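Have a look at the structure below before the remarks.
The values are calculated or read from the model by the stated rules, or taken from the named source; none is laboratory data. If you're wondering where the values come from, they're calculated on a predicted model, not measured in any experiment. Glycine also receives a Cβ, built like all others from the backbone with ideal geometry; neighbour counts cover every protein chain displayed. Quick note on the areas: whole protein, heavy atoms, side chains included, nothing else; ligands and nucleic acids left out. Shrake-Rupley method; radii C 1.70, N 1.55, O 1.52, S 1.80 Å.
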Amino acid sequence: MYKRDVIYSFLLSCLIYLNTFKAGLLYDDETGVVRNPCVVDKRSTLTDVFTSDFWGYPLHMAGSHKSYRPITTLTYRIQVQYMNGDTNDDIHQTHVKPNSMRLHIVNILIFALVSSTFCHVMHTIFPSPRYSAHDKRAIRYAVLFFIVHPVHTEAVANIVGRCELLSSLFMLLSFSTYVNCISNMGYRTSYNNNNNNVESNISGNGASYLIKGIFWYLSSVLLVILAMLSKEQGITGIGIWFIIDLIYFVVEVKNVTIDENHDKKKIKKENNVMKHNNSKTKLNCQSLTSISAYSYTLNVISKHRQLCVYFFSRQIVNLSVLTTIVYFRVQMNTHLPVFSELENPIAMEENPYTRVLSYSYINACNWIFFVFPWNLTIDWSAGYPLELITSLFDGRLMLPLFSILLFLLLFIDIFFCAKIFISNMETRLYYLFGLSLLIITFIPSSNLFFPVGFIWAERVLFAPSLGFAIIYGHFTSNVNYIFMNHDQNPTSNRSDKDKKISYHLKLNILPITILLLFAIRTITRNNDWESDIKLYSSAVRTLPLNPRNHHGVATYYSRHRDRLDKAEEHFLKAIELYDKYGESMNSLALLYENTNRTEEALAMYRKAIIANPGLHRPFINLAGLLERASRSLLYKGRNNNTYN
């Protein structure tokens, strides 16, 4: 009865993020929601939503990031303009002020749907009759691990993280519909719960099954398109379809082999019985038996041929769908997005050899977040102590090499039955699904094939964490299973009740401890998203060498007249860490201007223009300051002439 697990997953997900519903609109929410014309401007249309990037800029603009996520933007627009927005007359009559609490509540609910859908998908792909209670326990561990993992905080507590949530939700739903598709087009669909054997009926042998299969396939395609339109990495769901199809294909071939062995044993038994009969009857029966064996062999070959035809036909169709979707998506970009040095400093390196080595190290570091998610921050784009890797003999390459070696050993164990880590087929299928989900969904964010607007970000680990949760769940279940077997001491004099208590304690103590620690870290991390100062102060503590974190703290202090000295201190620190930080220079110049330090403001504006000529605000602010200064001098000159 996994339906109860689905409900519990939904409720626990809501509970773990309950303290985020009062959080403000922070960090990227300001650009993605509060100042996004497609969201808050009543004069914008649905056409604007589907022709603009995620931040509200038209896709054809040179400054656009090309992040095309209209489904996510549409949810903001519907919620802000029609469900939870208030007219803000102080700003503009045509603009709507977003209600942060209701936006956060929707994010929590979507995350709960993702968690419960993940639970449903796992039980759908690995149904109970085929797998043991030990495997079911692994699924529960995986779902719980996913729910409480602290690395998800940014995706849930940050409103713009909804793109991660929606993309993962639609992708998981496409897995479920794809299972329905392949179950109606060549694979067995019913399982006998009484004897744990697969029944002999094969689906796909009629028009009704074919129609159902086509319907579920089209549903899968629609869902993966919605996933991609929520965030680009949703397209990787088609790659996971291949893994799901492969899992069902392997299980189906195994079931056919089991049936074949069963029939061979039956034939052998019949032959032994016939030995006691007369020779004529014996001859006739042997002839009939030979015919039956021959017919069954042809039947097995036919079944395998049919399965292969179904399997490879679907992969050809899947590849065609993937190619078509990617083609139209690429055609929407007139050019690749251009990112600043502060957003992705490694992308500025001209040597591709150095870029690949450096990105390999950074990508390997991402796996640390899954195991030790304690040092979390909102911005890893700059400020970490990283020097570019220029040689294969750099010691830091040991981490990516170890990761690659581990993945290779796991895949060899899965596909070649090497029994390095895994001893049975069911466990191999678990690890195959988990590893594939982990790696395939991470590829678009790896920077190895095309640059993205960051080198390291927690939010992009949301979908890959589904795969890691599966691996963790089965690994933890295996460890506890070993402890359980070790506890079975026949010479023990303890009562059965004591043995049972000891068994359950040893079975659950390790995963419960990890889950509790992760849950506590998630709740405390959620508190950082209550306000700007909490968020950026936490970021400065975690990564004190990041100039953008200091800029965020300084921006908050600059809004409070009694904290202007603190604001100046952090602006100067940001400029010290990054001497081309035009935004901080411009903000510091404004602070000088507002405190009547005109000479310092003029010098800082000029410095900002030299550091970042492409930034237009210092030019505008400097022109305004010079105009006001000239008017002031002219006014003073006129007054002096009047008195003279």
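Go through region 28-60 and name the trypsin sites (Lys or Arg not before Pro) that are in a DSSP coil and have 10 or fewer other Cβ atoms within 10 Å of their Cβ.
Working: sites: ARG35, LYS42, ARG43; in loops: ARG35, LYS42, ARG43.
Loop-located and lightly packed - ARG43.
For region 359-365, take each phi angle, set θ = phi - 60°, evaluate the Karplus expression 6.51 cos²θ - 1.76 cosθ + 1.60, and give the result in whole Hz per residue in order, putting x for glycine and proline.
5, 4, 5, 4, 5, 5, 5
What net charge do the residues around LEU165 carry, taking every other residue with its C-beta under 15 Å from that of LEU165, with Lys and Arg at +1 and Asp and Glu at -1? Display every interim value, and only then the final one.
Working: positive: ARG69, ARG162, LYS231, ARG459; negative: ASP28, ASP29, GLU154, GLU164, GLU232, GLU458.
Here the count lands on -2.
Please compare each pair in LYS97/LYS231; LYS534/LYS580; LYS534/LYS566; LYS22/LYS534; LYS22/LYS97; LYS3/LYS136 to a cut-off of 20 Å on the Cα-Cα distance and tell me which ones are over it. Could you put the intermediate results ahead of the total?
Details: LYS97/LYS231 25 Å; LYS534/LYS580 26 Å; LYS534/LYS566 15 Å; LYS22/LYS534 14 Å; LYS22/LYS97 16 Å; LYS3/LYS136 13 Å.
Long pairs (Cα-Cα over 20 Å): LYS97/LYS231; LYS534/LYS580.
Could you sort ARG355, ARG305 by their accessible area in this structure, using a 1.4 Å probe and putting the largest first? Intermediate values should be presented prior to the final figure.
Working: ARG355 70, ARG305 145 Å².
My answer, sorted largest first, is ARG305, ARG355.
Which whole-number percentage describes the relative contact order of region 1-127, with Cα contacts under 8 Å and a sequence gap of 6 or more?
Working: 149 pairs, mean separation 45.1, N = 127.
Once normalised by length, the contact order is 35 percent.
Provide the per residue accessible area, probe 1.4 Å, for region 551-628, rounded to a whole number of square angstrom. All intermediate terms of the calculation are to be shown ahead of the outcome.
Details: 4330 Å² over 78 residues.
Spelled out: the 1.4 Å probe surface of region 551-628, per residue, equals 56 Å².
Would you tell me the accessible area of MET332, worked out with a 1.4 angstrom probe on the heavy atoms of the protein chains, in Å² to the nearest 10?
Ignoring ligands and nucleic acids, MET332 comes out at about 70 Å².
So how do ARG548, ARG631 rank on accessible area, 1.4 Å probe, biggest first, that is with the largest at the start?
Details: ARG548 65, ARG631 155 Å².
So, going from the largest accessible area down, we get ARG631, ARG548.
Using θ = phi - 60° and the Karplus curve 6.51 cos²θ - 1.76 cosθ + 1.60, what whole-Hz ³J(HN,Hα) does each residue of region 26-33 get, with Gly and Pro shown as x?
Calculated HN-Hα couplings, in order: 10, 6, 6, 4, 4, 7, x, 10 Hz.
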